[in-house]
1. Name the single residue, out of those in region 148-164 being surrounded by fewer than 15 Cβ atoms within 10 Å (Cβ to Cβ) and not polar (S, T, N, Q), that is modelled with the lowest pLDDT.
2. Among all residue pairs at least 6 apart or on different chains, which show Cβ distances below 6 Å where the first residue, located in region 272-285, is among the aromatic types (Phe, Trp, Tyr) and the second is assigned to a loop (DSSP other than H, G, I, E, B)?
3. Answer yes or no: is there a residue in region 60-79 that is open to solvent by 60 Å² or more (accessible area, probe 1.4 Å) and of a type in the set (A, V, I, L, M, F, W, C).
4. Please go through region 184-205 and give me each residue that is over 25 Å from LEU172 (Cα atoms) and touching a helix residue (DSSP H, G or I) at 6+ places or on another chain (Cβ under 8 Å), ordered by number.
5. If I filter region 174-190 down to residues being in contact with a strand residue (DSSP E or B) (Cβ under 8 Å, 6 or more places away or on another chain) and either in a loop (DSSP other than H, G, I, E, B) or of a type in the set (D, E, K, R) (or both), which single residue comes out as surrounded by the fewest Cβ atoms within 10 Å (Cβ to Cβ)?
6. For residues that are at pLDDT 95 or above and surrounded by 15 or more Cβ atoms within 10 Å (Cβ to Cβ), scanning just region 262-279, find the one that is nearest to LEU198 (Cα to Cα).
7. Among the candidates ASN303, ASN286, which residue alone is open to solvent by 40 Å² or more (accessible area, probe 1.4 Å) and assigned to a loop (DSSP other than H, G, I, E, B)?
8. Here are some conditions: (1) touching a Pro at 6+ places or on another chain (Cβ under 6 Å); (2) surrounded by fewer than 17 Cβ atoms within 10 Å (Cβ to Cβ). ASN102 meets all but one. Which one does it not meet?
Amino acid sequence: NKYASAIVGKWHLSSYNSAINPETFGIDYYAGLIRGAVDDYYQWQLSEDGATSQNTEYITEVFTDLSIDWINQQSKPWFMWLAYAAPHTPFHLPPADLHSQNLSGTQSDISNNPRPYYLASIEAMDTEIGRLLESMNAAERNNTIVFFIGDNGTLSQVTDTTVYVNGSKGTLYEGGLRVPMLVSGNGVSRQNERESGLINATDFYATIAQLAGNELTEIHDSVSFKGLLSNANSSTRDYIYADFESDRMSGWAIRNQQYKLIVYTNGEQELYDLINNPQETHELLNSGGDYSLILDELMAELNKIR
């Protein structure tokens, strides 16, 4: 095995059963949160080495400590997936030295004014990511590539509505599907550039495998974007697909570089131009224009995937 492997943090793939964790599937080391979230960032259950214990330290700091300790123990190339619980609910006041927000921390203030606490949680996470990177010596840091990605859109009560007017976590709008992503480090010759190519979270699998020496550029539904790290003209996928089921919204979404089609389980459809209207405030199918060719293309791809 060329690489040592570790997952630290949120697992959320086996309910509350700590016996089914990443080590069950071949990961060398796992420590973190079997559940999808915590009830209290300062009172939570840590799972490590098959055992679960109560932890009373701030969870973002603990995950960082565990990651630093594991990396320092490695003598061969390594892969780590660090999955912070932040900034998931509950909204809270992080330790003062991790953020710059001026907040009282009272429960009434958190309930009535949650967004600054959400931002403080993100800033605390960012601070801790910085501490992790700074813990590595220069040679190791220069030989490491870092991928950063959010796992879903922002909750509606803390969404920046100047960016996403009608979309948040739990919807098929861009506010529920589009997430921040950064890549930096070894092999990334493009710097301070924003990439418009289509990338799905599933593409991390093929990309990281290719970086580690695998010759395949596509693995199942995963398409490598390794070429984009050095070449802005490198090709990516032509479509991105998503589906979601909830009490609020159930259906499917498919997009190409410009247009996005949402098809609900009740048969209703919506079409948006994401280049000219990324906020999805202007629905096209009821606008009087002829979008039949675009609709046919996206429906054909949607049906092929489904």
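The values are calculated or read from the model by the stated rules, or taken from the named source; none is laboratory data. For clarity, every value in this text was computed on a predicted model and none was experimentally measured. No Cβ is skipped: glycine too gets one built from the backbone with ideal geometry, and neighbour counts run over all protein chains shown. Just so you know, the surface numbers come from the protein's heavy atoms only, side chains and all, with ligands and any DNA or RNA stripped out. Shrake-Rupley method; radii C 1.70, N 1.55, O 1.52, S 1.80 Å.
1. Out of the qualifying residues, it is VAL163.
2. From region 272-285, the pairs are TYR272/GLU280.
3. Checked against the condition, which is being open to solvent by 60 Å² or more (accessible area, probe 1.4 Å) and of a type in the set (A, V, I, L, M, F, W, C), region 60-79 yields at least one hit.
4. First, the residues of region 184-205 that are over 25 Å from LEU172 (Cα atoms): 184-193.
Across region 184-205, the qualifying residues are GLY185, ASN186, GLY187, VAL188, SER189, ARG190.
5. Step one: of region 174-190, the residues in contact with a strand residue (DSSP E or B) (Cβ under 8 Å, 6 or more places away or on another chain) are 174, 176-177, 179-188.
From the residues that got through so far, the ones that are either in a loop (DSSP other than H, G, I, E, B) or of a type in the set (D, E, K, R) (or both) too are 174, 179-180, 186-188.
Numbers: GLU174: 21, VAL179: 13, PRO180: 8, ASN186: 12, GLY187: 13, VAL188: 16.
So, considering only residues that are in contact with a strand residue (DSSP E or B) (Cβ under 8 Å, 6 or more places away or on another chain) and either in a loop (DSSP other than H, G, I, E, B) or of a type in the set (D, E, K, R) (or both), the one surrounded by the fewest Cβ atoms within 10 Å (Cβ to Cβ) is PRO180.
6. LEU274
7. Working: ASN303 fails: assigned to a loop (DSSP other than H, G, I, E, B).
None of the others qualify; the one that does is ASN286.
8. Among (1) touching a Pro at 6+ places or on another chain (Cβ under 6 Å); (2) surrounded by fewer than 17 Cβ atoms within 10 Å (Cβ to Cβ), ASN102 violates only (1).
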